[in-house]
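**Student:** What follows is a structure written as structure tokens; I'll ask about it next.
The values are calculated or read from the model by the stated rules, or taken from the named source; none is laboratory data. Worth saying up front: this structure is predicted, and the values here are computed from it rather than measured. For neighbour counting, all protein chains shown are included, and Cβ atoms are generated from backbone atoms with ideal geometry for every residue, glycine included. The accessibility values were calculated without ligands, DNA or RNA, using every heavy atom of the protein model including side chains. Shrake-Rupley method; radii C 1.70, N 1.55, O 1.52, S 1.80 Å.
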Amino acid sequence: MDAARRKRLEETTRYDPSEVEGRIFAEWMEGGYFHPPAEGTPEENFSVAIPPPNVTGALHMGHALNGSMQDALVRLNRMRGRNTLWILGTDHAGIATQAVVEKGLRAEGKTRQELGREEFVKRVWAWKEEYGSRIVEQYKRLGASCDYERERFTLDGDYVRAVYRVFKRLYDKGYIYRDFYMVNWDPGSHSAISDLEVENREVEDALYSIDYPVEGGDRVLTVATVRPETMLADTAVAVNPDDDRYRDLVGKFCVLPLVGRRLPIIADEHVDPEFGTGALKITPGHDPNDFEIGRRHGLEEIGVIGADGRMSEEAGGFAGMTAAEAQVAVVTALRTDGRLRGEEPYVHSVPFSHRSGERIEPLISLQWFCRMDELAKPAIEVVERDEVRITPPQWKRVYLDWMGEIRPWCISRQLWWGHRIPVWYCDACEADLVVAEEPPQRCGSCGGELRQEEDVLDTWFSSAIWPFATLGWPDETPELRAFYPTSFLTTAREILFLWVARMIMTGLEFPGDVPFRDVYVHSVIQARDGRRMSKSLGTGIDPLEEIDVHGADALRFGLLAMSSTQDVRFSDAKVQQGRDLANKLWNASRLILLNTVAVEPAPRPVCVEDRWILSRLQRTIASFTEKLETYDFAHAAQEAYSFFWRDLCDWYLEIVKPRLYDGEAEVSATLLYALERVLSLLHPTMPFVTEEIWGFHPAHDGHLAVHAFPVADESLVDAAAEEDVESGIRLTQRLRAWRDLAGVAAAVMLPAIVDGVEPPGFVSRLSRFEFDGVGTEPVASIGPVKVLDSDQLDAAAVAERLEKRRAELRAEVERGERKLGNEGFVAKAPAEVVEEERGKLERYRDELAELE
């Protein structure tokens, strides 16, 4: 270390993330470490495609968790010397982006309809240019080592070309078609959305029982519904074919109240005889199950609710009302006519739009669909054969179950922002539609002008080709040859079907290979109180604020440490643990770097404690690496923390300080070697603080971001040294605990003798016992150590304190045994609580045995 750097290290007594992080990131960018050459093969290289955040987005805790996991693996592989690419980009986010811009227009007193499509789209592009890079800059705050020079956007010209190529090929194969079909209509976004964008919520509605008179007699069929306004579109009443109550009515007709329409009484196995009266009103135009029944029986499909959520002309006298207003009016009319038999509260599951939060209105609409059966079959097979490995394994089964029941995908959206569907119509001659990758000039049949389809594609349609379109497909680019298939994907479970499954399907269909080899489905970080994180609920936690307070390394470490296969609550303690670790790294590293002599870093053990720390280091390297490679991020983080904090700092540094301060070359070499390995080991999870410290290390030969990741040296593993030192540590802890219990001042050196094998030399110094001491009779035995009576001890006071502690321990043991003997507690309490109680009981018993 030169004089200038040494002076800076001496003056910088505390680690300040706000001063370090921006400077270090700029150095990485200047070094070009995140922009790999497009060479080599996918097997030799390592690549990851970031789940593209919405261009409207701001970094949230899900992004931060996902980014921390991906960056840990990206940095690990880059340090191993692999050509490593982390593909970066943003999604145009059709519904979300259009909503943001429309909100701005409303503030100006305008609508998009007033602007017109072309001007509105220009306005959205202008918004994107101003705000679209915000989340990319926020990823830099996290320390994400993405390739920022290859940033992509799903509406880039080349990306649009890839989307249109996919659409045309699927259309030419007969997979994409247009049809009237039941869709999930979102009144909030005024667009159809897919099944996967719908979330079900428990809602309490009124369940109305309505009498439908049977033709030619006095009988009635009583049906139950929570949506009486949709009865205006009924086209049948269905009963179960095995229901003896209605067997004689099948094939006859009943009359629709208020409307007078004749409704056939049909038999269908879908009807549950146990629900309500066993008779089901069939409304094919406003219920997905009724739609399927209607198609089976050839029923008329009537729509009485329009796309604007108001009653249509088909609703007769109720036309123009909102659906809610019509419900009140219909119930009033039924009551007046004597057809309302009753009403009662009814709690049931209701679909809502995940996009807008509005209640879904099932409507029959002319939409574009993609048939999925043929695409799904090979995507099922590659997962069954583990050519794509899904971790944790339960999500493999969930994936396969869903894929086995896959339905046609509604791919059209009634928006202006997005990939406008590449279909053109000729109004002049009504020739067959034209599907093309490039806009056709004229109608091929009559030469007339063509009109392009108004709808855009579902955002997930373009996202489905992300891993290969970002690499230049459909062109055979160097990037595609070098980095496809990608190596790994980490994702949240809610987009396993929306995104992951569709990427596998399109990857196999177009480039001809799976898009990635491994998928890790990470947990969800909940709010501190266990609710989901949400701005609207006031439970959101801003990762940027956490970075401002604690630093990016602290947040990254905390998120990895709190992650698991189960959803977990956000832990401020884990983030603080990360902050404490960064500070400890800085302080311990300063102590080492400012006190070691000029020597080549290398393992040069001369004492048992040197062999111990070197052995523990190799085991930690091996275990940490294995856990990182198998996505056990939480245990990897905690293992590295434990080694550095306990083994290296709390024990080894304390043991060797006299040798260090005496200028011993061997301990300096060993410490510098250990520090280099620790910094390299921790760099993938805590890149900023480790890079800053590395700049002061005598082995510094460039940035740590591209320094070699450590590999365990089996020749340095020494089980005997580990046992010797660990037994010495345990004895030191017991001796210190006895001193504290006896009330002996820290500065006092107590006389003692050792009965048996002499413990390691550090035990005497760290526990403040003189083992060849002179005294009278022993007053206590701690393992092989017998404490001698001396002037420094008040034997009576010590005995009194020890007896008081023994009494406390007996009470704790009795309490623990009573609690764990309670079968109700063991059966009902959470497993971790029971395990904690068992651990406490064991510790109390051990301490009591020691004192007795």
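**Student:** Could you tell me what percent of the DSSP beta bridges with both partners in the stretch 722-802 are antiparallel, to the nearest 5?
**Tutor:** 80 percent
**Student:** Pull out the extension gain between GLU387 and THR12, defined as 0.36 nm times the separation in residues minus the alpha carbon to alpha carbon distance; nm, one decimal.
**Tutor:** Difference between extended and current length: 129.9 nm.
**Student:** Among TYR164, VAL136, CYS146, flag the residue with its Cα farthest along the positive direction of the charge dipole of the stretch 127-170, charges on Cβ as +1 for Lys/Arg and -1 for Asp/Glu.
**Tutor:** Working it through, the farthest residue towards the positive pole turns out to be TYR164.
**Student:** Given the chain, what whole percent of its Cα pairs are spread farther than 48 Å?
**Tutor:** Value for the chain: 41 percent of Cα pairs lie more than 48 Å apart.
**Student:** If you don't mind, another one. Going by Cα centres, the stretch 260-290 and the stretch 109-170 are how many Å apart?
**Tutor:** Going from one Cα centre to the other spans 46 Å.
**Student:** How far apart, in nm, are the 7 Å Cα→Cβ label points at SER781 and GLU803?
**Tutor:** 2.1 nm
**Student:** Taking only Cα atoms of the stretch 516-641, what ratio of Rg to Rh do you get with Rh as the Kirkwood inverse-distance radius?
**Tutor:** My calculation of the ratio gives 1.08.
**Student:** Could you tally the net charge around ASP846, taking each other residue with its Cβ under 14 Å from the Cβ of ASP846, Lys/Arg +1 and Asp/Glu -1?
**Tutor:** After counting each charged neighbour, the total is +4.
**Student:** Want the number for GLU108 to ASP2: 0.36 nm per residue separation, take away the alpha-carbon distance, what's left?
**Tutor:** Separation in residues times 0.36 nm, less the Cα-Cα distance, equals 32.0 nm.
**Student:** What is the dipole size for the stretch 25-171, taken about its Cα centre, with +1 at each Lys and Arg Cβ and -1 at each Asp and Glu Cβ, in debye to the nearest 20?
**Tutor:** Computed about the Cα centre, the dipole is about 480 debye.
**Student:** Starting from 0.36 nm per residue, how many nanometres of slack lie between PHE180 and ARG818 once their C-alpha separation is accounted for?
**Tutor:** Gain on stretching PHE180 to ARG818: 222.9 nm.
**Student:** Give me the 1.4 Å probe accessible area per residue for the stretch 605-747, excluding ligands and nucleic acids, in Å².
**Tutor:** 34 Å²
**Student:** Cut-off 18 Å, label point 7 angstrom out along Cα-to-Cβ of GLN414: give me the residues of the stretch 180-213 whose amide nitrogen falls inside.
**Tutor:** In the stretch 180-213, the label zone of GLN414 (backbone N under 18 Å from the point 7 Å along Cα→Cβ) covers 180-195, 197-198.
**Student:** Next up: In whole Å, what are the extents of the stretch 610-697 along the principal axes defined by its C-alpha atoms, from largest to smallest?
**Tutor:** Taking the Cα atoms of the stretch 610-697, the three principal extents are 43, 27, 17 Å.
**Student:** Taking amide hydrogens as modeled 1.01 Å from N in the peptide plane, which residues meet the under 5 Å criterion relative to THR222, leaving out close sequence neighbours?
**Tutor:** TYR212
**Student:** Moving on. Please report the net charge: other residues with Cβ closer than 12 Å to the Cβ of TRP694, K and R +1, D and E -1.
**Tutor:** -3
**Student:** Right, next: Could you pull the Cα extents of the stretch 410-542 along its three principal axes, largest to smallest, in whole Å?
**Tutor:** 65, 42, 21
**Student:** Another question, if that's okay. For the stretch 69-112, what is the charge dipole size about the Cα centre, in debye to the nearest 20, if Lys and Arg each add +1 at the Cβ and Asp and Glu each add -1 at the Cβ?
**Tutor:** Dipole about the Cα centre, nearest 20: 180 debye.
**Student:** Residue by residue through the stretch 414-429, which ³J(HN,Hα) values in whole Hz follow from phi under the Karplus form 6.51 cos²θ - 1.76 cosθ + 1.60 (θ = phi - 60°), with glycine and proline marked x?
**Tutor:** 8, 10, 10, 9, x, 7, 5, 4, x, 10, 10, 10, 10, 6, 5, 10
**Student:** Could you give the accessible area per residue of the stretch 1-88, probe 1.4 Å, as a whole number in Å²?
**Tutor:** With the other protein chains kept in place, the stretch 1-88 gives 40 Å² per residue.
**Student:** Run the simple label-point estimate for ASP427 and ARG531 please: 7 Å along Cα→C-beta, distance reported in nm.
**Tutor:** A separation of 5.0 nm, rounded to one decimal place.
**Student:** If you count the DSSP beta bridges with both ends in the chain, what percent of them are antiparallel, to the nearest 5?
**Tutor:** Percent antiparallel among DSSP bridges in the chain is about 70.
**Student:** Here's something else I'd like to know. How large a share of the accessible area of the chain, in percent, is made up of carbon and sulfur atoms when the probe is 1.4 Å and the other protein chains stay in place?
**Tutor:** 48 percent
**Student:** Quick one: accessible area per residue over the stretch 531-576, 1.4 Å probe, rounded to a whole number of Å²?
**Tutor:** 46 Å²
**Student:** Could I have the simple spin-label model distance between LYS173 and SER571, label points 7 Å from Cα toward Cβ, reported in nm to one decimal?
**Tutor:** Each label point is offset 7 Å from its Cα along the Cβ direction, giving 4.6 nm.
**Student:** Moving to a separate point now. For the stretch 391-428 and the stretch 529-596, what is the centre-to-centre distance using only Cα atoms, to the nearest Å?
**Tutor:** Spelled out, the Cα-based centre of one part sits 37 Å from the other.
**Student:** At a Förster distance of 25 Å, what's the computed FRET efficiency of GLU770 paired with GLU726, Cβ-Cβ distance as r, to 0.05?
**Tutor:** Working from the Cβ atoms, E equals 0.60.
**Student:** What's the local net charge at LYS173, with K and R +1, D and E -1, over the other residues with C-beta under 11 Å away?
**Tutor:** Summing Lys/Arg as +1 and Asp/Glu as -1 gives 0.
**Student:** Specify the inter-centroid distance of the stretch 712-733 and the stretch 645-702, based on alpha-carbon positions, in whole Å.
**Tutor:** Each part reduced to its Cα centre gives a spacing of 19 Å.
**Student:** Which links in LYS7/LYS140; LYS574/LYS828; LYS103/LYS128; LYS252/LYS281 stretch past 20 Å when you go from one Cα to the other?
**Tutor:** Long pairs (Cα-Cα over 20 Å): LYS7/LYS140; LYS574/LYS828.
**Student:** Calculate the FRET efficiency for TYR131 and ASP548 from the Cβ-Cβ distance with a Förster distance of 25 Å, rounded to the nearest 0.05.
**Tutor:** Using R0 = 25 Å, I get an efficiency of 0.75.
**Student:** Could you size up the charge dipole of the stretch 394-449 around its Cα centre, putting +1 on the beta carbon of Lys and Arg and -1 on that of Asp and Glu, and report it in debye to the nearest 20?
**Tutor:** Using Cβ point charges on Lys, Arg, Asp and Glu, the stretch 394-449 gives about 440 debye.
**Student:** Also: Return, in residue-number order, each cysteine of the chain whose C-beta is not under 4.7 Å from any other cysteine's C-beta.
**Tutor:** CYS146, CYS254, CYS370, CYS410, CYS607, CYS649
**Student:** Give me the base-10 log of I(q)/I(0) for the stretch 1-55 at each q in 0.21, 0.29, 0.30 Å⁻¹, Debye formula, one uniform scatterer per Cα, rounded to two decimals.
**Tutor:** Evaluating at q = 0.21, 0.29, 0.30 Å⁻¹ gives log10 I(q)/I(0) of -0.98, -1.13, -1.12.
**Student:** Based on C-alpha coordinates, I'd like the Rg and Dmax of the stretch 259-412, in Å.
**Tutor:** 20.5, 65
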